[in-house]
């Protein structure tokens, strides 16, 4: 399946690094969401990308955007990753059924058994307003996020 700009974002409920259920549709009507799929906790590019988001949290918070990061790692691994690197935003586990949400967004990499680097900016009404997809070894550019968020406001 593939997601297009202008389409309704598929809803889901996944466990955060704290074991809490997070449902995408619970943000509807209140908050925009930046949904960031990443391949592997503790890997170099993922650590760098999520660190940039952490270090620039104001870019998102000031414009009413909730960051939700998603991997296929177990939520216990995501907890250790978040604790080690100080990620305050939810890191969600698409562990089981393995990659179900990642597949719904069209970013699952069958060969790696993990997400490619897909990012989706979802507005308060649950509509995908911007997206970028990169391969596992291709880092995303934070400047693109800033531009998309600014245009959404």
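Against the condition modelled with pLDDT under 95 and within 28 Å of residue 124 (Cβ to Cβ), how does residue 29 come out, does it pass?
No.
Specify the residue that is farthest from residue 45 (Cα to Cα); the eligible residues are those in the range 119-135 that are out of contact with any helix residue (DSSP H, G or I) (no Cβ under 8 Å at 6 or more places or on another chain) and touching a residue at least 40 places away in the same chain (Cβ under 8 Å). Can you show your working first?
Just the residues of the range 119-135 that are out of contact with any helix residue (DSSP H, G or I) (no Cβ under 8 Å at 6 or more places or on another chain), to begin with: 120, 125, 127-128, 131, 133-135.
Those left that are additionally touching a residue at least 40 places away in the same chain (Cβ under 8 Å): 120, 125, 127-128, 131.
Values: 120: 18, 125: 31, 127: 28, 128: 25, 131: 19 Å.
Taking the candidates together, the pick is 125.
Suppose the filter is buried (at least 18 other Cβ atoms within 10 Å of the Cβ) and in contact with a helix residue (DSSP H, G or I) (Cβ under 8 Å, 6 or more places away or on another chain); does residue 24 pass it?
no
Just one of (1) touching a residue at least 60 places away in the same chain (Cβ under 8 Å); (2) over 13 Å from the mean Cα position of the chain (by Cα); (3) closer than 17 Å to residue 73 by Cα trips up residue 113, so point out which.
(1)
Given 130, 96, which one is outside any helix (DSSP H, G or I) and more than 24 Å from residue 18 (Cα to Cα)?
None of the other options fit; the residue is 130.
Given the options 101, 67, name the one that is in a helix (DSSP H, G or I) and under 13 Å from residue 36 (Cβ atoms).
Being in a helix (DSSP H, G or I) and under 13 Å from residue 36 (Cβ atoms) holds for just one of 101, 67, which is 101.
What is the one condition in (1) in contact (Cβ under 8 Å) with a residue 60 or more places away in the chain; (2) surrounded by 15 or more Cβ atoms within 10 Å (Cβ to Cβ); (3) over 15 Å from residue 120 (Cα atoms) that residue 103 does not satisfy?
Evaluating residue 103 over (1) in contact (Cβ under 8 Å) with a residue 60 or more places away in the chain; (2) surrounded by 15 or more Cβ atoms within 10 Å (Cβ to Cβ); (3) over 15 Å from residue 120 (Cα atoms) leaves (3) as the failure.
Under the condition of being out of contact with any strand residue (DSSP E or B) (no Cβ under 9 Å at 6 or more places or on another chain) and at pLDDT 95 or above, which residue from the range 1-18 is farthest from residue 78 (Cα to Cα)?
That would be 10.
When the residues of the range 139-153 are filtered to those that are surrounded by 10 or more Cβ atoms within 10 Å (Cβ to Cβ), free of Cβ contacts under 8 Å to residues at least 40 places away in the same chain and more than 15 Å from the chain's Cα centre (by Cα), which remaining residue is farthest from residue 36 (Cα to Cα)?
151
Hey, could you check the range 12-49 for residues that are under 12 Å from the mean Cα position of the chain (by Cα) and part of a loop (DSSP other than H, G, I, E, B) and say which is farthest from residue 138 (Cα to Cα)?
16
The values are calculated or read from the model by the stated rules, or taken from the named source; none is laboratory data. Since the structure is predicted, the reported quantities are computational estimates derived from the model, not experimental observations. So basically every Cβ, Gly included, is an ideal-geometry build from the backbone, and we count neighbours across all protein chains shown.
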